[in-house]
1. Pull up region 81-102, narrow it to residues that are aliphatic (A, V, I, L, M) and surrounded by 15 or more Cβ atoms within 10 Å (Cβ to Cβ), then point me to the one that is nearest to ALA38 (Cα to Cα).
2. Can you find even one residue in region 245-253 that is surrounded by fewer than 14 Cβ atoms within 10 Å (Cβ to Cβ), at pLDDT below 95 and farther than 24 Å from PHE42 by Cα?
3. Looking for whichever is touching a strand residue (DSSP E or B) at 6+ places or on another chain (Cβ under 6 Å), at pLDDT 95 or above, of a type in the set (S, T, N, Q) and more than 22 Å from SER182 (Cα to Cα) here; the options are ASN77, ASN90. Which one fits?
4. Looking at the structure I just gave you, is TYR149 over 28 Å from GLU277 (Cα atoms) and without any contact (Cβ under 8 Å) to a residue 12 or more places away in the chain?
5. Mind listing just one residue for me: the one in region 148-198 that is modelled with pLDDT under 95 and among the aliphatic types (A, V, I, L, M) and, of those, surrounded by the fewest Cβ atoms within 10 Å (Cβ to Cβ)?
6. Taking region 9-50 as the search range and keeping residues that are assigned to a helix (DSSP H, G or I) and not charged (D, E, K, R), which one is surrounded by the fewest Cβ atoms within 10 Å (Cβ to Cβ)?
7. Do any residues in region 243-271 that are in contact (Cβ under 8 Å) with a residue 24 or more places away in the chain and within 24 Å of ASP84 (Cβ to Cβ) have Cβ atoms under 7 Å from those of residues that are basic (Lys, Arg) and assigned to a helix (DSSP H, G or I), where the two are at least six apart or on different chains, and which pairs are they?
Amino acid sequence: MWAWMNGEFIKADELRISPFDHGFLYGLGFFETFRTYAGEPFLLEDHIERLRKALDEFRIDLELDLEMLKAIILELNVRSGGKDGYFRLNVSAGEHEIGLAPSVYEKPTVILFRKNLPSFIRGKEKSAVWLKTRRNSPESEHRYKSHHYANNVLARFELPSLAEQEGFFLTGEGHVAEGITSNVFWVKDSVLYTPALETGILAGITRNWVIKTAESLGINVEEGLFTPGKLEEADEVFVTNAIQELVPVHQLGTNRFDGKNGLIYMKLHDHYKDHVEQTSKER
């Protein structure tokens, strides 16, 4: 497996970081995960914009050149047999002495990981459960994809496999939040619902795409604070992330939903596939 680190292509098993990196010592690091379709990274601009916001807020000084990143992504795919890949762009604060001394992190550690895409059947249904672990609050006003991932890991221990099942977090106040690795949507009486960002959830890139696309199609979208009962009475439920796309949920406990046959899910999923195909053709 190949990776790119601080300007150099390197075999993944040869990667090394300093134990004094504040991403290791204090969890001060952020990342984005995305994939390519026909070699083109999907919605990369949106991922980079979210990462920039995180780096700016936590004073990690890094210029992110979009065209350079695209060239690196292409080369990593080439070195991996020319196939599309799963990517993680990871930025940690960089090496410093122990202690919270720096006011600005000027030499971050930047790694772009690539691995083969997991095998999955597009549109394959999952079941879901309510997690016992409650969603933690973000480290700042906004939640980013950060090295503070213990809450997700603890929730992951509750499930035998994320391949077949997703776990849904509730907030400390008992509102529906998000999945372990996804954002949550549901449909009731042709209205599309999803938890508001004020619950402390991640502003998912695919989540944002779904909301904008639904609105452009004339689908009423409501973001808010919802109790579990509101989701349980839904007609359709689906989850989203950048790797798995839009995944239909057919069951939550004893509650059954339309799954892959949900009308609004099918409409949005078809538009997602069309967007992917169009983006790939424009490359």
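The values are calculated or read from the model by the stated rules, or taken from the named source; none is laboratory data. None of these values were measured; they are calculated from a predicted model. In this analysis, Cβ positions are derived from the backbone assuming ideal geometry, glycine residues included, and neighbour counts consider all displayed protein chains.
1. Applying the filter and picking the extreme gives LEU89.
2. Yes, region 245-253 contains a residue that is surrounded by fewer than 14 Cβ atoms within 10 Å (Cβ to Cβ), at pLDDT below 95 and farther than 24 Å from PHE42 by Cα.
3. From the options ASN77, ASN90, the qualifying one is ASN77.
4. For TYR149, the condition - over 28 Å from GLU277 (Cα atoms) and without any contact (Cβ under 8 Å) to a residue 12 or more places away in the chain - is met.
5. Checked region 148-198; the qualifying residue surrounded by the fewest Cβ atoms within 10 Å (Cβ to Cβ) is ALA163.
6. Taking the candidates together, the pick is ALA12.
7. PRO248/LYS260
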